[in-house]
Amino acid sequence: RRWPHACAARAVSSVTSLDAYRALSWIGLAVACTLALCLRHDAGITLDEPPQMRYGRRIAAWFLSGFADDRAVYGDATLAQYGGLFDALAQLAVHFTPNDPVGTRHAASALCAVLGLVATWKMAARMLDQRAALLAASLLALTPVWIGHGLFNPKDIPFAAAAAWAVYAAQCIASARTLPSYRLHAACGVAIGAALGVRSGGMFLLSYPVLAWLGRAILVSRSEPRPPLRAAGMRLGVCFAAAWVCMLAAWPWAQVSPLWHPLQGAAFAARSGWGGVTLFDGSLIPAQQLPRTYLPLWFAVTLPETYLLALGCALVLLLRTRRKPWLGRRQLGGALVAASAFGPLMAAVLLRPTVYDAQRHFLFIVPPLAALAGVSLTRFLRERTLSPGLRSVTCGALLGLGGMIAVDSVRLHPYEYVYFNRLIGGLPGAQARFETEYWGASYTEGLRWLAGQLQNRDLSVRVATCNHDQAVVEFLREHPE
């Protein structure tokens, strides 16, 4: 009798303690989940989806055959080196919706993007408060590159969402008032393992809980006792074990060699042998010879102007801070979020890994960036030492920029991922200098146009494509006329 009473009391307490910002966040989450389900058919089948769908079916066959059907291990050497967690879960969902495999996968990807919104909200709330959390989540929701990829991307969005939760868990480890629990470390390991189960190139995520412990041991106030080394080692061991088990759960190629193959896959991801060329700043450049400015410039021209406004506010706050900085637990967690946002980008500039298709392989730094931007803007707008006029102008600029970005996203839908900000002249100013529709998502729109031209005509046509045949076959299956 105690358990139902305790659950009811907790539910009533949660509802009555909701403030306005938390309530708005819950409403926004419900709207985002609804849109994720309603917009699942808007984008077409992209270039990578047919092989990813086949990979998901082979993973299911690997388990259902008692590991006898090894096509998921040896059928495609390149694809096998990628984790299959998202593809396996999506294939499980497709089992219940066999007549809509593409729409189901797109809905799953969009829900992963929503999970990234929630992780961003929690990061900002941990750094400051509910107001900053709502603003950070809103900034990410108004980031076209995040929303556009969220409509269909089966690799980068699931990885980025899991990485965001890994950052939040590491932030909790760094900012915990008492000795972080084993449960928290296990949750961090599950988040890291989920990311590695999509892209093994995310091995660097294992460093986040280690950095959190180093921060606790070195940077927190000297008056506090340092945690025992044995306690830290045991908890990190639980974190790494949970990450490795979760990574192997739906990755047949790694299950064959649980230690060596994941490391081999990470090395392959860092030095991919893709030999194509990419359009960058007006020139066609081989992917393995791109300049160090590739990723910084891509983020500079595709992130909305709201991030630039947040950067300006952060610099003003930094210059006006006169008191001696002190790094406590909350500040340590914020520093970890900042390291997760800028550290991978700096490492990419120095190490020059093989990248292509714009910045899609580094979408995982966008949620921490949004969290930092939300905190910076919130602190700026409530800073009493600044003039009310300056804060009012900043608030008006934020609202105006957010409205323009929302209009741009609606106009571009479902191709939000080809958004460029006004620093480069928008999409018209970038179309001859940078990659735009590199996913092939517009093929379905072209096929619909062709079907419209053939309507009420007694004609038979032959369709050719430079996309995967499955992108055309799937459409023809749904529209046999």
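The values are calculated or read from the model by the stated rules, or taken from the named source; none is laboratory data. On a predicted model such as this, the values are computed, not experimentally measured, just so you know. Neighbour counts are summed over all protein chains in view; Cβ atoms, including those assigned to glycine, are modelled from backbone coordinates with ideal geometry. The area values use the complete protein model at the heavy-atom level, side chains included, leaving out ligands, DNA and RNA. Shrake-Rupley method; radii C 1.70, N 1.55, O 1.52, S 1.80 Å.
Out of (1) acidic (Asp, Glu); (2) open to solvent by 10 Å² or more (accessible area, probe 1.4 Å); (3) more than 24 Å from THR378 (Cα to Cα), the odd one out for ASP156 is which?
(2)
Given the residues LEU47, LEU64, which is the only one that is over 20 Å from the mean Cα position of the chain (by Cα) and of a type in the set (A, V, I, L, M)?
Details: LEU47 fails: over 20 Å from the mean Cα position of the chain (by Cα).
After applying the criteria, what remains is LEU64.
Any chance the stretch 168-183 includes a residue that's in contact with a Lys or Arg (Cβ under 6 Å, 6 or more places away or on another chain), closer than 22 Å to VAL355 by Cβ and either at pLDDT 95 or above or part of a helix (DSSP H, G or I) (or both)?
no
Is it the case that some residue within the stretch 351-370 is in a helix (DSSP H, G or I) and in contact with a His (Cβ under 9 Å, 6 or more places away or on another chain)?
Just the residues of the stretch 351-370 that are in a helix (DSSP H, G or I), to begin with: 351, 360-370.
Add one more test, that the residue is in contact with a His (Cβ under 9 Å, 6 or more places away or on another chain), and what stays is 360, 363.
Checking the stretch 351-370: at least one residue is in a helix (DSSP H, G or I) and in contact with a His (Cβ under 9 Å, 6 or more places away or on another chain).
Return the residues of the stretch 366-404 that are buried (at least 19 other Cβ atoms within 10 Å of the Cβ) and among the aliphatic types (A, V, I, L, M); say none if nothing qualifies.
Once the filter is applied, which keeps residues that are buried (at least 19 other Cβ atoms within 10 Å of the Cβ) and among the aliphatic types (A, V, I, L, M), the stretch 366-404 yields VAL366, LEU369, ALA370, ALA371, LEU372, ALA373, VAL375, LEU377, LEU398, LEU401.
Quick check: is even one residue across the stretch 371-393 closer than 22 Å to LEU135 by Cα, assigned to a loop (DSSP other than H, G, I, E, B), out of contact with any Gly (no Cβ under 7 Å at 6 or more places or on another chain) and among the basic types (Lys, Arg)?
First, the residues of the stretch 371-393 that are closer than 22 Å to LEU135 by Cα: 371-393.
Retained after the next criterion (residues that are assigned to a loop (DSSP other than H, G, I, E, B)): 382-387.
This time we only want the ones that are out of contact with any Gly (no Cβ under 7 Å at 6 or more places or on another chain), so: 382-387.
Filter again for among the basic types (Lys, Arg), leaving 382, 384.
Yes, the stretch 371-393 has at least one match.
Go through (1) acidic (Asp, Glu); (2) modelled with pLDDT of 90 or more; (3) surrounded by fewer than 17 Cβ atoms within 10 Å (Cβ to Cβ) one by one and return the number of the condition GLU305 breaks.
(3)
Which one of LEU85, LEU92 is modelled with pLDDT under 95, hydrophobic (A, V, I, L, M, F, W, C) and within 23 Å of PRO367 (Cβ to Cβ)? Steps first, please.
Values: LEU92 fails: within 23 Å of PRO367 (Cβ to Cβ).
Result of the check over LEU85, LEU92: LEU85.
Are there any pairs with C-beta distances below 6 angstrom linking a residue in the stretch 452-481 that is within 17 Å of ALA441 (Cα to Cα) to a residue that is in a loop (DSSP other than H, G, I, E, B), with the two at least 6 apart or on different chains, and if so which?
ASN467/GLY440; ALA471/ILE45; VAL472/VAL463; VAL472/THR465; GLU474/ILE45
Only one of VAL407, VAL349, VAL355 is open to solvent by less than 20 Å² (accessible area, probe 1.4 Å) and under 23 Å from the mean Cα position of the chain (by Cα); which? If you could, list the steps in order and put the result at the bottom.
Details: VAL407 fails: open to solvent by less than 20 Å² (accessible area, probe 1.4 Å); VAL349 fails: open to solvent by less than 20 Å² (accessible area, probe 1.4 Å).
Answer to the check: VAL355.
Failed condition for LEU151, given (1) modelled with pLDDT under 95; (2) closer than 30 Å to VAL410 by Cβ; (3) buried (at least 24 other Cβ atoms within 10 Å of the Cβ); (4) out of contact with any Ser or Thr (no Cβ under 8 Å at 6 or more places or on another chain), with all others met?
LEU151 satisfies every listed condition except (4).
If I go through the stretch 85-119 residue by residue, how many of them are more than 15 Å from ARG54 (Cα to Cα) and open to solvent by 50 Å² or more (accessible area, probe 1.4 Å)?
Residues flagged as more than 15 Å from ARG54 (Cα to Cα) and open to solvent by 50 Å² or more (accessible area, probe 1.4 Å) within the stretch 85-119 amount to 5.
Checking THR444 against (1) open to solvent by 40 Å² or more (accessible area, probe 1.4 Å); (2) over 29 Å from LEU377 (Cβ atoms), which single condition isn't satisfied?
Unmet condition: (1).
I'm trying to understand the selection: among the residues of the stretch 128-148, which are open to solvent by 10 Å² or more (accessible area, probe 1.4 Å) and either of a type in the set (S, T, N, Q) or not in a helix (DSSP H, G or I) (or both)?
Of everything in the stretch 128-148, those that are open to solvent by 10 Å² or more (accessible area, probe 1.4 Å) and either of a type in the set (S, T, N, Q) or not in a helix (DSSP H, G or I) (or both) turn out to be LEU128, ASP129, GLN130, SER138, LEU142.
Kindly indicate whether any position in the stretch 282-297 is in a helix (DSSP H, G or I) and of a type in the set (Gly, Ala, Ser). Steps first, answer last, please.
First, the residues of the stretch 282-297 that are in a helix (DSSP H, G or I): 287-289, 294-297.
Imposing the further condition that a residue be of a type in the set (Gly, Ala, Ser) reduces the set to 287.
Checking the stretch 282-297: at least one residue is in a helix (DSSP H, G or I) and of a type in the set (Gly, Ala, Ser).
Does LEU64 fit the bill of being of a type in the set (A, V, I, L, M) and over 23 Å from ALA187 (Cβ atoms)?
yes
Is it the case that GLU435 is farther than 30 Å from VAL407 by Cβ, open to solvent by less than 80 Å² (accessible area, probe 1.4 Å) and in contact (Cβ under 8 Å) with a residue 60 or more places away in the chain? Outline the logic, then answer.
On the way: farther than 30 Å from VAL407 by Cβ: no; open to solvent by less than 80 Å² (accessible area, probe 1.4 Å): yes; in contact (Cβ under 8 Å) with a residue 60 or more places away in the chain: yes.
The answer is no for GLU435.
In the stretch 54-68, is there at least one residue being of a type in the set (Phe, Trp, Tyr), more than 19 Å from ALA249 (Cβ to Cβ) and either at pLDDT 95 or above or open to solvent by 30 Å² or more (accessible area, probe 1.4 Å) (or both)?
Looking for residues that are of a type in the set (Phe, Trp, Tyr), more than 19 Å from ALA249 (Cβ to Cβ) and either at pLDDT 95 or above or open to solvent by 30 Å² or more (accessible area, probe 1.4 Å) (or both), one finds none in the stretch 54-68, hence no.
Restrict the check to the stretch 322-345 and report whether at least one residue is open to solvent by 30 Å² or more (accessible area, probe 1.4 Å) and touching a strand residue (DSSP E or B) at 6+ places or on another chain (Cβ under 9 Å).
No, every residue in the stretch 322-345 fails to be open to solvent by 30 Å² or more (accessible area, probe 1.4 Å) and touching a strand residue (DSSP E or B) at 6+ places or on another chain (Cβ under 9 Å).
Residue check: is LEU229 closer than 17 Å to GLY333 by Cβ and either in contact with a Phe, Trp or Tyr (Cβ under 8 Å, 6 or more places away or on another chain) or open to solvent by 30 Å² or more (accessible area, probe 1.4 Å) (or both)?
Working: closer than 17 Å to GLY333 by Cβ: no; either in contact with a Phe, Trp or Tyr (Cβ under 8 Å, 6 or more places away or on another chain) or open to solvent by 30 Å² or more (accessible area, probe 1.4 Å) (or both): yes.
No: the conditions fail for LEU229.
For every residue, the table says whether it meets (1) touching a Gly at 6+ places or on another chain (Cβ under 7 Å); (2) touching a residue at least 60 places away in the same chain (Cβ under 8 Å); (3) assigned to a loop (DSSP other than H, G, I, E, B); (4) small (Gly, Ala, Ser).
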{"site": "ASP42", "(1), (2), (3), (4)": "no, yes, yes, no"}
{"site": "PRO51", "(1), (2), (3), (4)": "no, yes, no, no"}
{"site": "PHE63", "(1), (2), (3), (4)": "no, no, no, no"}
{"site": "VAL73", "(1), (2), (3), (4)": "no, yes, no, no"}
{"site": "VAL94", "(1), (2), (3), (4)": "no, no, no, no"}
{"site": "ALA108", "(1), (2), (3), (4)": "no, no, no, yes"}
{"site": "MET123", "(1), (2), (3), (4)": "no, yes, no, no"}
